[in-house]
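Below is one structure, written out as structure tokens; the observations come after it.
None of the figures in this text is laboratory data; all of them are computed from the coordinates on show. Because the structure is a prediction, the values reported are computed rather than measured. So basically every Cβ, Gly included, is an ideal-geometry build from the backbone, and we count neighbours across all protein chains shown.
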Amino acid sequence: MDLNIGARCALVTGGSQGIGRAVARALAMEGVRVAAAARRTELVQALAAEVAAAGGAEIIPLAIDLTEADSAQRLADAAARALGAVDILVNAAGGSRPLQFDASRAEWDEGMEVNFHRLRELTHAVVPGMRARGWGRIVNFTGTSEPRIINAAFAAKAAVHIWAKGLSRDIAADGVTINCLQPGRIRSEQISKRYPTPEAEQEFADAEIPARRFGDAAEIADVCVFLASDRAAYVTGTVIPVDGGMSRFAF
């Protein structure tokens, strides 16, 4: 299947590890020039060398700390300088923020800032250029709709779903789509801390995942690349779980 994105340019946050790294690699192997933003740029540099050796497109490391107040606009500006334009934005940065019942307002604000506000600010910084060019793709990696604990990240990602749905109605006529992907248990540094042994991983998979296994980052990256392509032009405003069937609700 020809995805017709080889001439595009993408900005991927969280590009040093896990899902963000897999997405940056998958896009570059489709010929997309990628600016991969992360704090640990040495990991992005290693990925860039690996992809270049495999015949993929250029991956440009961009150093950024998205906890900083002005980081979204700075990153958008840096990506525009590096790429010329941002056709595809993949918001893969973020992280779990489990909280106690009596957590402070500051703790809640920190979780919302990283997982919702920064993502929204970065998207709003690049959307005008996409609209002007008549083409754009935005993919947000979010989280579960079936939380087991209090977690500021879950609340933030639910906000992403509603914000993205509203934004999709504003920008669809301009050729710009926005969709959300909900990862299930996808192997990553964070997941390996929760399930440190193969036995722990398999025990959870047997009990909770119909597919009876955890997913690899490349599997969800492939879905992201499709959503970033011409082939997905009629898909927007959606929330798609990629979880081996783990979620229990039909919608």
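Counted over all Cα-Cα pairs of the range 1-67, pairs farther apart than 19 Å make up 22 percent. Summary of packing: across the peptides 117-129, 164-176, 17-29, the per-residue average of other C-beta atoms within 10 Å ranks them, highest first, as 17-29, 117-129, 164-176. Working from label points 7 Å from Cα in the Cα-to-Cβ sense, the Lys165 to Asp216 distance is 3.4 nm.
Here the translational diffusion coefficient of the range 131-192 follows from Stokes-Einstein with Rh set to the Kirkwood radius across Cα pairs; for 25 °C and 0.890 mPa s it amounts to 186 µm²/s. Could you work out the relative contact order of the chain, using alpha carbon pairs under 8 angstrom and six or more residues apart, expressed as a whole percent? Across the chain, relative contact order equals 20 percent.
Gain on full extension, evaluated as 0.36 nm per residue between His124 and Asp230 minus their Cα-Cα distance, stands at 36.0 nm. No solvent, one uniform scatterer per C-alpha: report log10 I(q)/I(0) for the range 157-221 via the Debye equation at q = 0.15, 0.18, 0.21, 0.29 1/Å, two decimals. Computed log10 I(q)/I(0) values: -0.63, -0.75, -0.86, -1.19. Only the Cβ atoms of Lys and Arg (+1) and of Asp and Glu (-1) were treated as charged; on that basis the dipole of the chain about its Cα centre amounts to roughly 380 debye.
In the chain, the calculated helix contribution to ellipticity at 222 nm averages -13500 deg cm²/dmol per residue, counting -39,500 (n - 2.57) for every DSSP H run with n ≥ 4. Val114 sits among other residues whose Cβ lies under 13 Å from its own Cβ, and their net charge, with Lys and Arg +1 and Asp and Glu -1, is -2. Looking at the range 42-163, what % of the alpha carbon pairs are farther apart than 20 Å? Taking all Cα-Cα pairs of the range 42-163, the fraction more than 20 Å apart is 52 percent. Computed over the Cα atoms of the chain, pair by distinct pair, the Kirkwood hydrodynamic radius stands at 18.3 angstrom. Taking the average, over residues, of other Cβ atoms within 10 Å as the packing measure, peptides 135-147, 51-63 rank 135-147, 51-63 from highest down. A Förster distance of 22 Å, applied to the separation of the beta-carbon atoms of Asp65 and Asp109, puts the FRET efficiency at 0.85.
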